[in-house]
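The values are calculated or read from the model by the stated rules, or taken from the named source; none is laboratory data. Note that the structure is a prediction, hence the values are computed from the model and not measured. Cβ sites come from the backbone with ideal geometry, for glycine too, and all protein chains shown count toward neighbours.
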Amino acid sequence: MQFVFRALTPPGRPRRFDARFFLVDADEIASDLDDFSQACDELSHLQWIPLKEVRSFDLPFITEVVLAEVTGRLQDRSPPTSVPYFCNNDEESLFLRLKGRPMPGVD
């Protein structure tokens, strides 16, 4: 699993999220990738969309940015030295980079 992005929802929204986005090779997932039977509420309409087709959907700005980063990460599978962070606070919105560091015992 590879950490690729972090985003903080702007203040003043009904719901704020401090979201982290990860990539994982689908071949490494032990369960059925097409089984959405346990999904409920807003997740009840889940579907897989090929990355090359996803831009045809009406997506929020930050989702577009994250997908661009994901597309770039697919070109280079090595762990990044830093990860983009879109931070919204009361005063400004910033694109920052989070510095990565190796985890002990992980190659």
Just to be sure I understand, how many residues within the range 77-93 are more than 15 Å from the chain's Cα centre (by Cα) and over 13 Å from Phe3 (Cα atoms)? 6
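Does Val83 meet the test of being in a strand (DSSP E or B), in contact (Cβ under 8 Å) with a residue 40 or more places away in the chain and of a type outside the set (Ser, Thr, Tyr)? Quick ask: steps written out before the conclusion?
Numbers: in a strand (DSSP E or B): yes; in contact (Cβ under 8 Å) with a residue 40 or more places away in the chain: yes; of a type outside the set (Ser, Thr, Tyr): yes.
In short, yes.
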Picking from Leu8, Leu51, the residue that is among the hydrophobic types (A, V, I, L, M, F, W, C), surrounded by 10 or more Cβ atoms within 10 Å (Cβ to Cβ) and farther than 17 Å from Arg97 by Cβ would be Leu51
Working only within the range 7-24, note down all residues that are at pLDDT 85 or above and more than 14 Å from Asn89 (Cβ to Cβ). Ala19, Arg20, Phe21, Phe22, Leu23, Val24
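Any residue at all in the range 37-57 that is β-branched (Val, Ile, Thr), outside any helix (DSSP H, G or I) and in contact (Cβ under 8 Å) with a residue 40 or more places away in the chain? Working first, answer last.
Residues of the range 37-57 that are β-branched (Val, Ile, Thr), as a first pass: 49, 54.
So of that shortlist, the ones also outside any helix (DSSP H, G or I) come out as 49.
Now narrow it down to the ones that are in contact (Cβ under 8 Å) with a residue 40 or more places away in the chain: none.
Among the residues of the range 37-57, not one is β-branched (Val, Ile, Thr), outside any helix (DSSP H, G or I) and in contact (Cβ under 8 Å) with a residue 40 or more places away in the chain, which makes the answer no.
Just give me the residues in the range 56-107 being polar (S, T, N, Q) and either surrounded by 12 or more Cβ atoms within 10 Å (Cβ to Cβ) or modelled with pLDDT under 75 (or both), in sequence order. Spell out how you get there, then give the answer.
Going through the range 56-107, the residues polar (S, T, N, Q) turn out to be 56, 63, 71, 75, 78, 81-82, 88-89, 93.
Thr63, Thr71, Asn88, Asn89, Ser93, listed by residue number.
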